[in-house]
Amino acid sequence: MSEAEDNDILELDSETEEGDVEMNLMTDAEFNGNPDSLFFNDGKRRIDFVLVYEDESKSASEKKGSVMRRRVSQKTSSPLLKLVYVKVHMPFEVLCTYAEVLHIKLPIQPNDLAPQSSAYNCFTHHFYPSEDVIAKEADFFTAPFQKDQLKCFWVKDREQFFTPAMRSRMAYYILSRAPYDVKGNVKKFGFNKLLDGGVYKAAYPLHDCRFNVKSKEPDCPNERFLLYNEWAHPKSFYKMQPLDLIRKYFGEKIGIYFAWLGFYTVMLTLAAAVGLGCFIYGYTTRETSTWSKEVCDPRIGGEIVMCPQCDEICPYWRLNTTCESSKRLCIFDNYGTLVFAIFMSVWVTLFLEFWKRYQAELEHDWDTVEFLQQEEQPRPEYEAKCIYERVNPVTQETEKVPYTACGKCMRVSCGIGTVLFWVLLIIASVVGVIVYRLAMFITFSSKLRSELYNRKELEPFKEYVTPQMATSITASIISFIIIMILNSVYEKVAIWITDFELPRTKTEYENSLTLKMFLFQFVNYYSSCFYIAFFKGKVVGYPGQPVYWLGSLRNEECDPGGCLTELTTQLSIIMTGKAIWNNIQEVLLPWVKNLMFRHCTQVGSEKVIPRWEQDYRLQPIGKLGLFYEYLEMVIQFGFVTLFVASFPLAPLLALFNNLCEIRVDAWKITTQFRRVVPEKAQDIGAWQPILQGVAILAVATNAAIIAFTSDMIPRLVYYWAFSVSPYSDGSDHTMTGYINSSLSVFNIADFKETIRPSEEITPYWFNNITTCRYRDFRHPPSHPNQYDFSIYHWHVIAAKLAFMIVVEHIVYFTKFMLSYMIPDVPEALKEQIKRERYLTQVILHETNIKHFKELMKPIEVDNNLIQILISS
């Protein structure tokens, strides 16, 4: 570590409504040897922010001047240059000025109202860290700060009145708007561009201590140490999160994310338990299912000869070769899955509605109820490009804007066009994977079976590995790799588009980027699942007249039991692979980067490292902060809800992932990253309507999966209609004979020469057989309308449509009724907010009256002094 040799006080002017304010930027010549110190050498002025740059000057005189006016052209990459740490201190007057500009709410009087308690808090109370370790925050009546009414506020100690999070937030606000260059009418300002250009190496507020060692400073709260031990450490995996301390240390934006993630994980516990019960029910009944028993029975499935599934090189095969896959199918394709899908539709509604209530409580506790209406400030990037004038429709005053109405339309149109292009690119990649499926299925069909039967070491796998399964697994892996590659490229494109659109506030910027990224991720992650669920095996024709892709690739078929097993395989591979990859990436990348950075910047002779250099050796959290964490969880939420009818274990996998995700994210931001600049946030932003949209779409997708992908509706139609007279000889409803009724008959003499299997691959047992079977509901060869759809087919289609319409309407009605019955804000909380708002107004009014009376007191006049003046 190296400091600048001078001890100059550098001044930076920044305009406010009150006029010019002075902020002191200081570089200390000497380090006092205390690695835990957060103050200058005088022990009074707190370091609120740190800027780091490389010392490029030749003499001490060149270091003087405004730090913000250093040119980009002065940057050099010489490793011999010394690092200069510029410590920023915010005087109390500056803090008061910018607290008013940012409408920061500060305490005016202790809150003596009884806090609201709930059954949820009573249950979770035992899992919170002890109050002896993390003290409960004092509750105050608060109001937006006004500098001229300072006496109305609860100022016990001027240095402690503004918290470190508030101080660093205000320092960041000033630095991001401070001018550093003026060329004609163009004014450049904001240190973010200097960071991007490499003029500054880093900018960050300080951690209050090391994460694993308490600070020796007497007044240090050691909040980072407490967060690590009571939240980020693996030993605390069972504990509830200390959200108040997280919010106090990292800001409301990070606090609301971890609150949402924790609430989502708690709600997943219920869904995972029910899903696990559904899986156990399917697993225990798979052997007794009539479907699997008939398929595996040598006298039924062993006597049914199935038609080839590709042209020329695919052989005839017996149905009982799919015995194991039929048993696996019964685990997920059962009546328990229907109940679970309906349960999940209700669960997601309860999750969103109760989250709104919990979020309202957090807004009240963290004083963010009116944040968006009062505190949202324009982004510095927006302000820098304001060159046009317009009349504000609200204030009717002239204001500066960065573009005209036509220019805004052009920017938005360009963004929409780019997003659509990338969506089409994803669809093209999905088509490529489909072509791979078609081509590889032919290869596996011709070679896989012979390899399994001819090689003794592979014989144990012949019951489990089928051409369909091999094609599905390899295609899923390739699809996952394509997804991750496209993600890394599109992220940069989405950021560029959003920067080009130039949103006014940071909330608008994040909402715009969120919509773009989620639309892309939605198509990227879910397109292959939608294809398997709703398109694969739906338009295949029949053996004598199959349907072809691109004129030569025969459309792939599902297993005799349907495509549900393949959809389950796809979901499990993508969910598991994504979770493992993300967690490894989140743990290893920052740790390895910090290790390498410390090795490269280590100075052997130096034993004591100051706090600001310890933090510099950590990783920056990035401009988008928690955006990728939200995106990861919302994509997971889509997997849990959209396709849960095919994979009841999805909530359980998500639960395990989230239990790790909470601690990994906590460990990461507490130990591996520099302290983030605290940001205000009222809610989870644009993610809330996205979650609601996914929840509504999930009802339709799960109903369609049960109706069109699973085999449940055909089985019900057979049980209630076709197992009895007039379609059958029996009088009792039964599932016996369902296999025979679900497979149509094809005369092998009707094969075209280009389709007929060659004699070389014809099985030895295929003697004197004139027909084969295939999955469909068509008339037999002897029927006048041979190979046309039978009455069974139209009964099944009608039943599927009726099921989907009825289930959708019932579930949607239930969802909307629950949404109506559960208010977003609890009534008791509404009353408490009104009460606190009223008492706040009363306190401010009484304080102002008291202050006014003190000003109006008559001045005591000395009578002797008056007589002297008169006599003179």
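Observations
- Qualifying residue in the stretch 527-543 (condition: of a type outside the set (A, V, I, L, M, F, W, C), over 33 Å from the mean Cα position of the chain (by Cα), open to solvent by less than 10 Å² (accessible area, probe 1.4 Å) and modelled with pLDDT of 80 or more): yes
- Within the stretch 299-348, restricting attention to residues that are in contact with a strand residue (DSSP E or B) (Cβ under 8 Å, 6 or more places away or on another chain), in a helix (DSSP H, G or I) and not small (Gly, Ala, Ser), the residue that is surrounded by the most Cβ atoms within 10 Å (Cβ to Cβ) is 329.
- The lone exception for residue 210 - which of (1) under 24 Å from residue 680 (Cα atoms); (2) of a type outside the set (Ser, Thr, Tyr); (3) open to solvent by 20 Å² or more (accessible area, probe 1.4 Å) it fails: (1)
- Among (1) in contact with a Leu (Cβ under 7 Å, 6 or more places away or on another chain); (2) modelled with pLDDT of 90 or more - the single one residue 142 does not satisfy: (2)
- Check on residue 700, modelled with pLDDT of 90 or more and open to solvent by 20 Å² or more (accessible area, probe 1.4 Å): yes
- Single residue of 353, 381, 376, 361 found to be within 30 Å of residue 260 (Cβ to Cβ), at pLDDT below 85, part of a helix (DSSP H, G or I) and of a type outside the set (Lys, Arg): 381
- Residue tally, condition assigned to a helix (DSSP H, G or I) and open to solvent by 60 Å² or more (accessible area, probe 1.4 Å), over the stretch 799-847: 20
- Residues that are over 26 Å from residue 642 (Cα atoms), assigned to a helix (DSSP H, G or I) and aliphatic (A, V, I, L, M) within the stretch 674-730 comprise just one, 721.
- Residue in the stretch 710-725 that is farthest from the chain's Cα centre (by Cα), counting only those that are over 24 Å from residue 813 (Cβ atoms) and either among the charged types (D, E, K, R) or open to solvent by less than 10 Å² (accessible area, probe 1.4 Å) (or both): 723
- Taking residues in the stretch 532-553 that are free of Cβ contacts under 8 Å to residues at least 40 places away in the same chain and in a strand (DSSP E or B), and partners anywhere that are basic (Lys, Arg) and open to solvent by less than 80 Å² (accessible area, probe 1.4 Å), the pairs with Cβ atoms closer than 6 Å and at least 6 places apart or on different chains are 548/554.
- If you go through the stretch 763-779 and pick out every residue that is open to solvent by less than 50 Å² (accessible area, probe 1.4 Å) and of a type outside the set (Phe, Trp, Tyr), you end up with 7.
- So residue 497, is it β-branched (Val, Ile, Thr) and either surrounded by fewer than 17 Cβ atoms within 10 Å (Cβ to Cβ) or outside any helix (DSSP H, G or I) (or both): no
- Of all the residues in the stretch 726-753, those that are open to solvent by less than 30 Å² (accessible area, probe 1.4 Å) and in contact with a helix residue (DSSP H, G or I) (Cβ under 7 Å, 6 or more places away or on another chain) number 3.
- Members of the stretch 500-515 that are within 15 Å of the chain's Cα centre (by Cα) and open to solvent by less than 20 Å² (accessible area, probe 1.4 Å): 513, 514
Conditions tested, residue by residue: (1) in contact (Cβ under 8 Å) with a residue 40 or more places away in the chain; (2) out of contact with any His (no Cβ under 7 Å at 6 or more places or on another chain); (3) at positive phi; (4) assigned to a helix (DSSP H, G or I).
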| position | (1), (2), (3), (4) |
| --- | --- |
| 588 | no, yes, no, yes |
| 609 | yes, yes, no, no |
| 647 | yes, yes, no, no |
| 651 | yes, yes, no, yes |
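- Selection of the stretch 784-802 for residues being among the aliphatic types (A, V, I, L, M) and touching a helix residue (DSSP H, G or I) at 6+ places or on another chain (Cβ under 6 Å) yields 796, 799.
- Among the residues of the stretch 287-298, those that are open to solvent by 10 Å² or more (accessible area, probe 1.4 Å) and at pLDDT 85 or above comprise 293, 294, 296, 297, 298.
- Those residues of the stretch 616-628 which are assigned to a helix (DSSP H, G or I) and either surrounded by fewer than 19 Cβ atoms within 10 Å (Cβ to Cβ) or at pLDDT below 90 (or both), in sequence order: 627, 628
A quick yes/no check of all residues on (1) in a helix (DSSP H, G or I); (2) at pLDDT 80 or above:
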site	(1), (2)
409	yes, yes
412	yes, yes
423	yes, yes
441	yes, no
450	yes, no
453	yes, no
480	yes, no
492	yes, yes
503	no, yes
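- Any chance residue 67 is on the phi < 0 side of the Ramachandran plot, open to solvent by less than 30 Å² (accessible area, probe 1.4 Å) and modelled with pLDDT of 70 or more: no
- A single entry from 643, 627 fulfils the requirement of being touching a residue at least 40 places away in the same chain (Cβ under 8 Å) and under 16 Å from the mean Cα position of the chain (by Cα): 627.
- Among residues of the stretch 224-254, those that are under 20 Å from residue 210 (Cβ atoms), open to solvent by 20 Å² or more (accessible area, probe 1.4 Å) and in a helix (DSSP H, G or I), counted: 8
- Meets criteria (within 19 Å of residue 537 (Cα to Cα), surrounded by 13 or more Cβ atoms within 10 Å (Cβ to Cβ) and either touching a strand residue (DSSP E or B) at 6+ places or on another chain (Cβ under 9 Å) or charged (D, E, K, R) (or both)) for residue 756: no
The values are calculated or read from the model by the stated rules, or taken from the named source; none is laboratory data. All of these numbers come straight from a predicted model, not from anything done at the bench. Using ideal geometry, Cβ is built from the backbone for each residue, glycine included, and neighbour counts are taken over all protein chains shown. Heads up: the accessible areas ignore ligands, DNA and RNA and are worked out on the full protein's heavy atoms, side chains in. Shrake-Rupley method; radii C 1.70, N 1.55, O 1.52, S 1.80 Å.
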